[in-house]
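Reading through the structure tokens given below for one structure.
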Amino acid sequence: MSYLVAANWKMNKTVGETLEYLDLFLPSVKDLTKIEIMIAPPFTALSSASVRLDAARKEGEYNVKLGAQNMYYEEKGAFTGEVSPLMLSELEVDYVIIGHSERRHKFGEKDSLINKKVISAVEHGIRPILCVGETLEEREQGKTLSVVERQIRNGLAGVERDMIYIDIAYEPVWAIGTGVNATPEQAQEVHRFIRSLINEISKGNDGKTRILYGGSVNEKNARELIKEKNIDGFLVGTASLDPERFYKIITEVMEV
Ligand SMILES: O=C(CO)COP(=O)(O)O
């Protein structure tokens, strides 16, 4: 699998700002097909971004995919404020971020709900990126690996056979938006553990499930992190909001 460098814009950028960003960013990644790039704007900008990406693909080679930051697991119904997999598929959304730590900790999402979303995404042909990661308190109590194991086993229950259609993002909560990234050694320890867990759950996976790192990734630390054997890409928040910084991260990954 090629590296994946993904932008999670969170609750940032209007439609106008999204199009402005893409106008600046897309020319810089034309013909750059060695690694996969994903951009996850807010729901309101998905439609415009999808049209803009389509237009770009008609003009040249782009390996830029569209992602959503969340979705509900039902196709339709009385779920006020939610967005369904059918709605995302219509917009040709390729990826969906599921179980981000902000969804878990600010909106109370539990493993059981996250699991339903992962299953639904796979059923609808949208590649989920399941996010896992421990809080600072859990790390200090030595619970990092057990928390990650629980989140992965519960999040993936029932889709073990489909794991080649799923990616994982390890995002330690204490590293998100703090400017303090996990060191390459800290990340590698958890990524190695996740890799062995995937190989146990999904026989013959053979690296088809990527393990991304997320948490204060920037243009300065990207290279040393991506050199680690089990880091297959990044999920980038803050530094992805600026097209030049995001592009620099991409170039750092390309050079490894
Ligand atoms: O949560 C993240 C990506 O999903 C990481 O955010 P930051 O890059 O801002 O730390």
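The values are calculated or read from the model by the stated rules, or taken from the named source; none is laboratory data. Quick caveat: nothing in here was measured; it's all calculated off a predicted structure. We place every Cβ from the backbone using ideal geometry, glycine too, and count neighbours over all the protein chains shown.
A few points about this structure:
- Those residues of region 173-188 which are out of contact with any strand residue (DSSP E or B) (no Cβ under 6 Å at 6 or more places or on another chain), hydrophobic (A, V, I, L, M, F, W, C) and either crowded, with 18+ Cβ neighbours inside 10 Å or farther than 11 Å from Asn221 by Cβ (or both), in sequence order: Val173, Trp174, Ala175, Ile176, Ala182
- Sole exception among (1) surrounded by fewer than 18 Cβ atoms within 10 Å (Cβ to Cβ); (2) within 16 Å of the ligand (Cβ to nearest atom); (3) not hydrophobic (A, V, I, L, M, F, W, C) for Lys208, by number: (2)
- Selected residue (criterion: surrounded by the fewest Cβ atoms within 10 Å (Cβ to Cβ)) from residues of region 1-55 that are under 22 Å from Ile166 (Cβ atoms) and β-branched (Val, Ile, Thr): Ile35
- Looking only at residues of region 138-158 that are within 18 Å of the chain's Cα centre (by Cα) and among the hydrophobic types (A, V, I, L, M, F, W, C), we find that the one that is nearest to His105 (Cα to Cα) is Val148.
- Listed by position, the helices (runs of 4 or more DSSP H) inside region 39-149 whose residues that are within 17 Å of Leu212 (Cβ to Cβ) number at least 3 are 101-106, 111-123.
- Here region 162-181 is the region considered, the condition is being under 15 Å from Glu137 (Cα atoms), without any contact (Cβ under 8 Å) to a residue 60 or more places away in the chain and assigned to a helix (DSSP H, G or I), and the residue that is nearest to the ligand (Cβ to nearest atom) is Ala175.
- For region 222-238, the set of residues classified as surrounded by fewer than 20 Cβ atoms within 10 Å (Cβ to Cβ) and within 15 Å of the ligand (Cβ to nearest atom) consists of Thr238 only.
- Looking across Asn205, Asn181, Asn199, one residue alone is within 18 Å of the chain's Cα centre (by Cα), polar (S, T, N, Q) and more than 21 Å from Gly67 (Cα to Cα). It is Asn181.
- For region 189-205, the tally of residues that are assigned to a loop (DSSP other than H, G, I, E, B) and either surrounded by 18 or more Cβ atoms within 10 Å (Cβ to Cβ) or at positive phi (or both) stands at 2.
- Residue, farthest from the ligand (Cβ to nearest atom), within region 85-103, restricted to residues that are of a type in the set (D, E, K, R) and in contact (Cβ under 8 Å) with a residue 12 or more places away in the chain: Glu92
- Any hit, region 214-231, residues being under 23 Å from Val122 (Cα atoms) and assigned to a helix (DSSP H, G or I): no
Here's the yes/no breakdown for (1) charged (D, E, K, R); (2) within 22 Å of Ala7 (Cα to Cα):
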| residue | (1), (2) |
| --- | --- |
| Ala157 | no, no |
| Arg161 | yes, no |
| Arg210 | yes, yes |
| Leu225 | no, yes |
| Gly233 | no, yes |
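- Count - residues of region 119-135 that are among the aliphatic types (A, V, I, L, M) and away from the ligand (no atom under 16 Å from the Cβ): 4
- Residue that is in a loop (DSSP other than H, G, I, E, B), touching a helix residue (DSSP H, G or I) at 6+ places or on another chain (Cβ under 7 Å) and at pLDDT below 95, where the choices are Lys13, Lys34: Lys34
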